[in-house]
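The next block holds one structure in the form of structure tokens; read it before the comments.
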Amino acid sequence: TSPFSLSISAFSAKFSASEALANARRGIEAERKCMAELKAKGYAVTRSAASKGEYDLIAIGKEDIRLIQVKRTKAMVRRAPPEIIRKLAKALAPDSSLIRKQLWCWVDHHGWVVTNVEPDESREISA
């Protein structure tokens, strides 16, 4: 066996790791785009770096507080993925009419698809 040969499993693991890193970078870029848009609208925005929780961003404005999960996709989406909506609908948040849970999905070459998440339903809104 040549010392320069790479086993299929080693190649696969290396490719998967680089793909995961690229996806993480794309996700961070989407979070930063979302932050910039919200800041331009007057919100104070905090990012939960390396977030494993329900919310990636917390945006505080004069009229509301937004708890936001950010996703990014290459394919056009018309509706938010139901499994993410269910997870956000169940996520803990204070009971207040001022707090809005949202899913912001950046679609490459198209822009944002924003979904308000409520306990019993979801509906799309414009960003």
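The values are calculated or read from the model by the stated rules, or taken from the named source; none is laboratory data. As the structure is a computational prediction, the values presented were derived from the model and not from experiment. As a convention, Cβ positions derive from the backbone with ideal geometry for all residues, glycine included, and neighbour counts pool all protein chains shown. Just so you know, the surface numbers come from the protein's heavy atoms only, side chains and all, with ligands and any DNA or RNA stripped out. Shrake-Rupley method; radii C 1.70, N 1.55, O 1.52, S 1.80 Å.
Values for this structure:
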{"read-out": "Near pairs, Cβ below 7 angstrom, 6+ apart or cross-chain, from the range 52-77 (in contact (Cβ under 8 Å) with a residue 40 or more places away in the chain and farther than 14 Å from Ala93 by Cβ) to any residue that is surrounded by fewer than 17 Cβ atoms within 10 Å (Cβ to Cβ) and of a type in the set (D, E, K, R)", "value": "Arg72/Arg26"}
{"read-out": "Residue count for the range 25-46, restricted to those that are open to solvent by 50 Å² or more (accessible area, probe 1.4 Å) and either touching a strand residue (DSSP E or B) at 6+ places or on another chain (Cβ under 7 Å) or of a type in the set (A, V, I, L, M) (or both)", "value": "8"}
{"read-out": "Cross-chain or 6+ apart pairs with Cβ under 9 Å, the range 100-127 first and farther than 19 Å from Ala24 by Cα and of a type in the set (Ser, Thr, Tyr), then at pLDDT below 85 and part of a strand (DSSP E or B)", "value": "Thr115/Ser122; Thr115/Arg123; Thr115/Glu124; Thr115/Ile125"}
{"read-out": "Ala49 at pLDDT below 90, within 14 Å of the chain's Cα centre (by Cα) and open to solvent by 40 Å² or more (accessible area, probe 1.4 Å)", "value": "yes"}
{"read-out": "Of all residues making up the range 75-127, the number that are at pLDDT below 80, not in a loop (DSSP other than H, G, I, E, B) and not basic (Lys, Arg)", "value": "9"}
{"read-out": "Selection count where residues are in a loop (DSSP other than H, G, I, E, B), charged (D, E, K, R) and in contact with a strand residue (DSSP E or B) (Cβ under 9 Å, 6 or more places away or on another chain), scope the range 57-74", "value": "2"}
